[in-house]
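Okay, so here's the structure we're looking at.
The values are calculated or read from the model by the stated rules, or taken from the named source; none is laboratory data. Small disclaimer: the values here were computed from a predicted structure and weren't measured. Positions of Cβ are generated from backbone atoms using ideal geometry, with glycine treated the same way; all protein chains shown enter the neighbour counts.
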Amino acid sequence: METPHEGISRENFATINRHMVEAAEAKARAHQHARGRLTARERLIELLDEATFVELNRFAGGDIEHGAMGSAVITGIGQINGRRVAVYAQDFSIQGGTLGQVEGDKILQLMDRALQLRIPIVALLDSGGARIQEGVTALAQYGRIFKKTTECSGVVPQISVILGPCAGGAVYGPALTDFIIMTRHSSYMFVTGPSVVQAATGENISSEELGGGDVHNTISGVAHFLAEDEAEALDYARTLLSYLPSHCGEHPPVFAYDPLTSEPANAHRVSDLVPESPKQAYDMRTVIEALADHEEFLEVQPLFAPSILIGFASFEGRPAGVVASQPLEDAGTLDVDASEKAARFVQFCDAFGIPIVTLVDVPGYRPGSEQERAGIIRRGAKLITAYATATVPMVTIILRKAFGGAYIVMGSKSLGADVNFSWPSAQIAVMGSEGAVDIVFRKQLAAAGEQGRDVAQQRAHYQKMYDRQAVNPNLSLRNGQLDGLIEPSRTREAICRSLVTLESKDRTVTSPRVHDNAPM
């Protein structure tokens, strides 16, 4: 209930309030619709369940007597699919959505409320950045928001939806959150804008080329989803939240499951989707969809580091994070970007108690000087840390091949996976037979050449020998690195049964350290 301001009678307060709200909304619509964008309040209506939004501190920073409606941010509590969320929407129609003392205080108070209530935070961002007129005060507010965001990290899910400009220091707010959603043509993120870049370097570049949705979804990896428009961006946020718990102490939501309608039609024919030849490419997405409930897979960062897939699916109603090689892209090799992409996703799933299912068909790390100079050693180690420190249930299936260091880092038993299976025809070894034979049998091959024998025939003979002795998954069975061989048609069954078995896994961690010193 709003309290009448001094100098305004109680009888007139409601009327003035209503007229001011209507006038402000009309102004906002004219301002935003001319740019092809929704207003902050329209976005909230689109995002939240109908009539569930309770606004907080509506008139903070305003002066009703002189016609000032309030700050450039709307904050409050609403519901998405019946579950509470804390949400704030920057209002570009008021001083360009810039952030000052009042706006910062409102956002910080909302984040504190989210921590108290243990509910997710969704930020709808559309701002010109720090309010220049308020100087260091505005910058300090960003610092406080960054600190509060890190306090919320791993406690409640945080989603940033970029629906306009996000520039300067402001970009680090969403960068600290769990997921960033951008639109293709109307959202931008950059530390320094085009005009500053041109003044400093002479480079003439547009906002879209510098920090548009395409750039951050395909090249930089800053963003996780690319939407065609605002409606799709908000729908991504709603769908994403449906897989997540409200806070780190809550179990992930369980979806309604009916075998007659939820069971994927092609689960028993999944082997038909995977070519027998280890050199032949295929789309791992079709395998994931064939194994998941309703054949649904919410892929995260689909346009970045495409040699590895990450995303959410459910198995008999239980949500899980999926990490999978993608043989369709660079044979599914791991590189610096793929390693970091998968590592942060595993880390997120572990923070919020979401089981991890890993599907492996990996020939190794991507070779070459470019990768070594890009820091594959340091950045690849992030994936090791993520799996090694994860305490959630972890199920790994090797479909076709797993070679070398890439075998280790992709959810191997030695890194802490709970249940590991392999298809009977899978190849597991330090390296593939072609490369191994040239090293292990190099003397024999050299002698065969000197003696005039058919070297190609000898190489084929040694490859078959190596496959029998070193690549056969039976070796991994004998040394305890696999829990069993499963027929491809029973892959979904193995995943579902394993997740049920591991549901009560004890995640208690005791350690004398403050925190580890993982590679960053």
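The residues of region 138-163 that are β-branched (Val, Ile, Thr) and touching a strand residue (DSSP E or B) at 6+ places or on another chain (Cβ under 9 Å), listed by number, are ILE145, THR149, VAL156, ILE159, VAL161, ILE162.
Checking region 157-169 against the condition returns no match, with no residue being of a type outside the set (Lys, Arg), over 26 Å from ALA227 (Cα atoms) and modelled with pLDDT under 95.
The set of residues from region 195-246 being modelled with pLDDT of 95 or more and on the phi > 0 side of the Ramachandran plot comprises just one member, GLY221.
Within region 243-261, residues that are free of Cβ contacts under 8 Å to residues at least 60 places away in the same chain sit with their Cβ atoms under 9 Å from residues that are not in a loop (DSSP other than H, G, I, E, B), at 6+ positions apart or across chains, in these pairs: THR261/HIS294. Selection within region 480-520: residues that are more than 26 Å from the chain's Cα centre (by Cα), surrounded by fewer than 11 Cβ atoms within 10 Å (Cβ to Cβ) and small (Gly, Ala, Ser). The member of this set that is farthest from ALA381 (Cα to Cα) is GLY480. Just to verify a result, which residue in region 84-122, among those that are of a type in the set (Lys, Arg) and over 24 Å from the mean Cα position of the chain (by Cα), is surrounded by the fewest Cβ atoms within 10 Å (Cβ to Cβ)? Per the criteria, the residue is ARG113. Give, as residue ranges, the strands (runs of 3 or more DSSP E) completely inside region 299-365 that count at least 3 residues that are hydroxyl-bearing (Ser, Thr, Tyr). Hits in region 299-365: none. Among the residues that make up region 226-249, is at least one of them surrounded by 22 or more Cβ atoms within 10 Å (Cβ to Cβ), under 18 Å from SER160 (Cβ atoms) and charged (D, E, K, R)? Checked against the condition, which is being surrounded by 22 or more Cβ atoms within 10 Å (Cβ to Cβ), under 18 Å from SER160 (Cβ atoms) and charged (D, E, K, R), region 226-249 yields at least one hit.
For first residues located in region 492-518 and of a type in the set (Gly, Ala, Ser), partners that are loosely packed, with under 11 Cβ neighbours inside 10 Å and at pLDDT below 95 and lie 6+ apart or on another chain with Cβ distances below 9 Å do not occur.
Looking at region 180-243, the helices (runs of 4 or more DSSP H) lying wholly inside it that each contain 2 or more residues that are closer than 19 Å to ILE121 by Cα and acidic (Asp, Glu) sit at 230-242. So, VAL336, is that one closer than 19 Å to PHE297 by Cα and within 19 Å of the chain's Cα centre (by Cα) or not? No: the conditions fail for VAL336.
Looking across GLU134, GLU151, one residue alone is at pLDDT 95 or above and acidic (Asp, Glu). It is GLU151. Restricting attention to region 71-83 and to residues that are of a type in the set (Gly, Ala, Ser) and over 13 Å from GLN109 (Cβ atoms), the residue that is surrounded by the fewest Cβ atoms within 10 Å (Cβ to Cβ) turns out to be GLY82. Out of all the residues in region 423-445, is one or more modelled with pLDDT under 75, of a type in the set (Asp, Glu) and either in contact with a Cys (Cβ under 6 Å, 6 or more places away or on another chain) or surrounded by fewer than 16 Cβ atoms within 10 Å (Cβ to Cβ) (or both)? The answer is yes; a qualifying residue exists.
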